[in-house]
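Report on the following structure.
The values are calculated or read from the model by the stated rules, or taken from the named source; none is laboratory data. All values reported here derive from a predicted model rather than from experimental measurement. When we count neighbours, we look across all protein chains shown, and the Cβ atoms used for this are built from the backbone with ideal geometry, even at glycine.
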Amino acid sequence: MLITGGAGFIGANFVHQTVHERPEVDVTVLDALTYAGNADSLADVREKITFVEGDVADAAAVDPLVEASDVVVHFAAESHNDNSLANPWPFVQTNLIGTYTLLESVRRHAVRYHHISTDEVYGDLELDDPARFTESTPYNPSSPYSSTKAGSDLLVRAWARSFGVEATISNCSNNYGPFQHVEKFIPRQITNVLSGVRPKLYGQGLNVRDWIHVDDHNRAVWTILEKGTPGETYLIGADGEENNKHVVELILQLLGQDADAYDLVTDRPGHDMRYAIDSTRLRTELGWEPRFPDFRSGLAETIAWYRDNEAWWRPQKDATEAKYAAAGQ
Ligand code: NAD
Ligand code: TDX
């Protein structure tokens, strides 16, 4: 199995899960180790996998690795919306050209491909809209990040239909858990509080995200690999809708602080209001169920991980906060 982006947040958790629960799988990770990739995230499985430092958009690096694999799971991406607003180019390069490069290679070698994507391709919902995203919701992305992810999904659909590439796609909601970069909402606020700094909420904090534990996402990916139908798309979500203000209040409470000890800061331009996933298809057709349905206890476990692993996140923290400070966030 070739896992791209295996030194990032979700990819590293997928590598751990695979090594621990499926020791028969021979894992190779391809990762460019951008600012978001961290080889330390793989330290305790390093001897059980092959690690290759390289770019998914580099056909010469990709092709022999794909040729040697039975299946490719493609996590590698530029993943942060705020960065995509400051400089969209790496998003076009990695998310579009990188996916194109992998697709051409899996086509050439007839290798099974799974594409990791996001619910953000569907745009956003109003707070009072009872609708949730399904596999048939039209694409309507808002940001450079989500538009390049949407474009990459469409490349996969076209390569499956036109060239018969054996590909599946999953679109998942917001993940939380260990090894997530401190630029992202939940780790940023946890590590702020652990550093004696007040959490920062964009706008009024009313935007809603549909949270899922990263291990539940990754078990769903394995379910799709084993039981999914090539050419199909599956939405992954665990009914975890929460507004940002409530998440910050919960983090403060769990860390023994006053629930209102946060700051409101400049909003994200074009900020999507609400995401919500209807994962009925994955549950009924493939039999997947989340193992972390309780957000509060999953969050408490995640807080404990950041408390216990300061050596992992501390080196990223100052540079990340300097970027936010320059943007008034
Ligand atoms: P991340 O930013 O933590 O990790 C991305 C990884 O990809 C890093 O290790 C980085 O070094 C690597 N990478 C970046 N550019 C590369 C390139 N050109 N070549 C090789 N490697 C490269 O991201 P994440 O949060 O783990 O997201 C992983 C995937 O899941 C992405 O495709 C993302 O769109 C998708 N996704 C994320 C979420 C979420 O909540 N984080 C939700 C749904 C879907
Ligand atoms: O400091 C902050 N304050 C704040 O209020 C940060 C960093 C974020 N926010 C808000 C913005 C969003 O409403 O919190 C919410 C979550 O923000 P992010 O962690 O940046 O995630 P989001 O933009 O929702 O995108 C995430 O989920 C879908 C991932 O980063 C994507 O890769 C994934 O596709």
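Filtering region 43-52 for residues that are within 12 Å of ligand 1 (Cβ to nearest atom), in a helix (DSSP H, G or I), closer than 25 Å to PRO315 by Cα and not basic (Lys, Arg) leaves an empty set.
Of all residues in region 276-287, those that are within 11 Å of ASP119 (Cα to Cα) have Cβ atoms under 7 Å from Cβ atoms of residues that are among the hydroxyl-bearing types (Ser, Thr, Tyr), 6 or more apart or on another chain, in ILE277/SER173; ASP278/THR134. I'd like to check something: does region 167-189 contain any residue that is away from ligand 1 (no atom under 11 Å from the Cβ), within 29 Å of GLU135 (Cα to Cα) and touching a Pro at 6+ places or on another chain (Cβ under 7 Å)? Yes, some residue in region 167-189 is away from ligand 1 (no atom under 11 Å from the Cβ), within 29 Å of GLU135 (Cα to Cα) and touching a Pro at 6+ places or on another chain (Cβ under 7 Å). Within region 166-176, the residues that satisfy the criterion of being in a strand (DSSP E or B) and within 10 Å of TRP211 (Cα to Cα) are CYS172, ASN175, TYR176.
Which one is nearest to ligand 1 (Cβ to nearest atom) among residues in region 108-127 that are among the hydrophobic types (A, V, I, L, M, F, W, C) and within 18 Å of the chain's Cα centre (by Cα)? In this case the residue turns out to be ILE116.
Apart from one condition, ASP308 fits all of (1) of a type in the set (D, E, K, R); (2) without any contact (Cβ under 8 Å) to a residue 12 or more places away in the chain; (3) under 28 Å from ASP70 (Cα atoms); the exception is (3).
For (1) more than 21 Å from the chain's Cα centre (by Cα); (2) within 16 Å of ligand 2 (Cβ to nearest atom); (3) of a type in the set (S, T, N, Q); (4) assigned to a helix (DSSP H, G or I), each residue gets a yes or a no:
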| position | (1), (2), (3), (4) |
| --- | --- |
| ALA57 | no, no, no, no |
| VAL66 | yes, no, no, yes |
| ALA76 | no, yes, no, no |
| SER79 | no, yes, yes, no |
| ASN83 | no, yes, yes, yes |
| VAL106 | yes, no, no, yes |
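Count of region 201-234 residues, restricted to those that are more than 15 Å from ligand 2 (Cβ to nearest atom), touching a residue at least 12 places away in the same chain (Cβ under 8 Å) and acidic (Asp, Glu), is 2.
Does region 13-32 contain at least one residue that is more than 9 Å from ligand 1 (Cβ to nearest atom), more than 19 Å from TRP222 (Cα to Cα) and outside any helix (DSSP H, G or I)? No, there is no match, as no residue in region 13-32 is more than 9 Å from ligand 1 (Cβ to nearest atom), more than 19 Å from TRP222 (Cα to Cα) and outside any helix (DSSP H, G or I). Could you please find all residues in region 68-109 being among the charged types (D, E, K, R), in contact with a helix residue (DSSP H, G or I) (Cβ under 6 Å, 6 or more places away or on another chain) and touching a residue at least 60 places away in the same chain (Cβ under 8 Å)? Hit for region 68-109 is GLU78, nothing else. Taking the criterion of being out of contact with any Leu (no Cβ under 7 Å at 6 or more places or on another chain) and over 26 Å from ARG268 (Cα atoms), would at least one residue in region 141-152 satisfy it? Checking region 141-152: not a single residue is out of contact with any Leu (no Cβ under 7 Å at 6 or more places or on another chain) and over 26 Å from ARG268 (Cα atoms). Taking the listed residues SER69, SER84, SER79, SER105, the one that is of a type in the set (S, T, N, Q) and within 21 Å of HIS217 (Cα to Cα) is SER79, with no other qualifying.
Does GLY237 satisfy the condition of being within 16 Å of ligand 2 (Cβ to nearest atom), in contact (Cβ under 8 Å) with a residue 40 or more places away in the chain and surrounded by fewer than 19 Cβ atoms within 10 Å (Cβ to Cβ)? So GLY237 does not fit the description; no. Does any residue of region 210-229 turn out to be charged (D, E, K, R) and touching a Leu at 6+ places or on another chain (Cβ under 6 Å)? Checked region 210-229: at least one residue is charged (D, E, K, R) and touching a Leu at 6+ places or on another chain (Cβ under 6 Å).
Taking the conditions (1) surrounded by 21 or more Cβ atoms within 10 Å (Cβ to Cβ); (2) in contact with a Lys or Arg (Cβ under 7 Å, 6 or more places away or on another chain); (3) outside any helix (DSSP H, G or I) in turn, PHE179 satisfies each one other than (2).
Filtering region 211-224 for residues that are among the hydrophobic types (A, V, I, L, M, F, W, C), within 24 Å of ILE97 (Cα to Cα), modelled with pLDDT of 95 or more and within 15 Å of ligand 1 (Cβ to nearest atom) leaves a non-empty set.
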